[in-house]
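Reading through the structure tokens given below for one structure.
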Amino acid sequence: MAHLKIIQSCVEITLDDFKLKGDPVKFQSRLLTNIVGIFFDQEAAKKLNDDTLVYYVQSWMPVPEGTTGGLFYGTSTIMTGKVGEEYFMTKGHFHLKPDRAEFYWGVRGEGVLIMMDRNRNTWGERIYPGSLHYINGEIAHRMANTGQEQLIVGACWPSDAGHDYEEIEHNGFSARLLEVNGQPVLVPVG
Ligand code: S6P
Ligand code: ZN
């Protein structure tokens, strides 16, 4: 600790678009080929390029994953696009620890935060610049871009929350966000 020194944090946010600058910043991208199984219309997916970028996440993890009491910060950017009538979206996950919540906030673009409880009740919250979302630790969450530009969303979550992707990979959400008559609608599965 530099006693009495006033220094600069190693990571900063570009206020315009909430992109992270600095070191360490982790970058993770998801191409269609990485996540194609999450979409309903596999015939429509085959018509798109495998290398299509669906979303990417920048994150700052100032402490090791699993640390109790720490926080992680992330900025997710979801591209515009659809697979058939289903909007481009994130994989989605439950947190491994059910008492580890998360904040999301809309920065740019329009979308829907899709949430599902353990009883498979699914609902959505509209995301727009300035929208703020509290995601209870027991709730699965994913985002879909319903607008005409990139959807950019900030997030902050506990460093020991962990991610359970398997449940969603195997059983999905109980509803899909589809464009119906030009509007986003949560349509029950099956
Ligand atoms: C992490 C937080 C977000 C997501 C990101 C991508 O707890 O919810 O940073 O990781 O939006 O979604 P996913 O489902 O691929 O991790
Ligand atoms: Zn999360």
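The values are calculated or read from the model by the stated rules, or taken from the named source; none is laboratory data. In this text, all values refer to a predicted model and were calculated from it rather than measured experimentally. Here the Cβ is made from the backbone with ideal geometry for all residues, glycine too, and neighbour counts use every protein chain on show. Quick note on the areas: whole protein, heavy atoms, side chains included, nothing else; ligands and nucleic acids left out. Shrake-Rupley method; radii C 1.70, N 1.55, O 1.52, S 1.80 Å.
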Between residue 93 and residues 5 or more places away or on another chain, which pairs have amide H atoms under 5 Å apart, with H built 1.01 Å from N, and which residues are they?
-> 141
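Order 115-121, 150-156 from most to least packed using the mean count of other Cβ atoms within 10 Å. Walk me through the numbers on the way to the answer.
Details: 115-121: 14.1, 150-156: 20.3.
Packing order, densest peptide first, comes out as 150-156, 115-121.
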Karplus-derived 3J(HN,Hα) from phi for segment 24-37 (6.51 cos²θ - 1.76 cosθ + 1.60, θ = phi - 60°), whole Hz, x at Gly and Pro, runs x, 10, 8, 10, 9, 10, 10, 8, 3, 4, 6, 10, 4, x
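Find the Cα radius of gyration of segment 16-185, compare it with 2.2 N^0.38 Å by division, and give the number to two decimals.
0.99
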How large is ³J(HN,Hα), in whole Hz, for each residue of segment 145-151 in order, when computed from phi with the Karplus curve 6.51 cos²θ - 1.76 cosθ + 1.60 and θ = phi - 60°, using x for Gly and Pro?
-> 8, 9, x, 9, 9, 4, 9
Amide H proximity to residue 19 below 5 Å, modelled H, separation 5+ or other chain, gives 14
Set Lys and Arg Cβ to +1 and Asp and Glu Cβ to -1, take the dipole of the chain about its Cα centre, and tell me which of 146, 106, 80 lies farthest positive.
-> 106
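Using a 1.4 Å probe on the protein heavy atoms, what percent of the accessible area of the chain belongs to carbon and sulfur?
Values: 5480 of 10440 Å².
Exposed carbon and sulfur together represent 53 percent of the surface.
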Check: C-alpha center segment 164-189 vs C-alpha center segment 33-102, spacing in Å is 14
